[in-house]
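The structure appears below as structure tokens.
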Amino acid sequence: MSHITSSEFSKRFAALVLGARDLPKKPIGLHVLLVSALIGLDPEKDYAESELNEELQDWVIRYGANFGLDHITLRRYLIDANYLSRDPSGSVYRLQASDHPFSYDPEIRSIDLEKLIRQAKDHREKRKQQYSGAAQ
């Protein structure tokens, strides 16, 4: 099992959100996206389908626009990858703690994704300005 540090997670997530135009082909990129959709969820809580849908819709609006995902497809990916489990009726969902292809630093759960993306955008803008200034 490969391990993803919080630093690597942050770099990959920002690069994916700011640059990708489709779901990542490499498994590590896909799993970073999937885990990022769960950051705000409580691992001890059972979620009603409507509650989970609301959380996933929020993620899709903020970060998933480039990936052609809707909240239902995202939820399926999360279930298929064993990040979420659901009861037999499909009305209650819970985070899964095991059977993942990657392990993650616990600090990932506390990453502020909005701040991370804002900082990455600022960094890119500064690099553009430096490049355009150096080219003149």
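Residue by residue, here is whether (1) part of a loop (DSSP other than H, G, I, E, B); (2) hydroxyl-bearing (Ser, Thr, Tyr); (3) surrounded by 10 or more Cβ atoms within 10 Å (Cβ to Cβ) holds:
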residue	(1), (2), (3)
41	yes, no, yes
51	no, no, yes
69	yes, no, yes
85	no, yes, yes
98	yes, yes, no
114	no, no, yes
129	no, no, yes
Limited to segment 53-67, what total is found for residues that are farther than 23 Å from residue 18 by Cβ and either among the hydrophobic types (A, V, I, L, M, F, W, C) or part of a loop (DSSP other than H, G, I, E, B) (or both)?
0
Taking residue 61 and the conditions (1) buried (at least 19 other Cβ atoms within 10 Å of the Cβ); (2) closer than 23 Å to residue 124 by Cβ; (3) not small (Gly, Ala, Ser), which numbered condition does it fall short on, given that it satisfies the others?
(1)
Counting only residues that are in contact (Cβ under 8 Å) with a residue 40 or more places away in the chain and in a loop (DSSP other than H, G, I, E, B), how many does segment 1-26 have?
6
It is to be established whether one or more residues within segment 70-84 are in contact with a Lys or Arg (Cβ under 8 Å, 6 or more places away or on another chain) and either under 19 Å from residue 18 (Cβ atoms) or among the polar types (S, T, N, Q) (or both).
no
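Read the figures in this text as sums done on the coordinates, not as results from a lab. The model shown is predicted, which means the values in this text are computed figures rather than measured ones. Methodologically, a virtual Cβ is constructed for each residue, glycine included, from the backbone with ideal geometry; neighbour enumeration extends over all protein chains shown.
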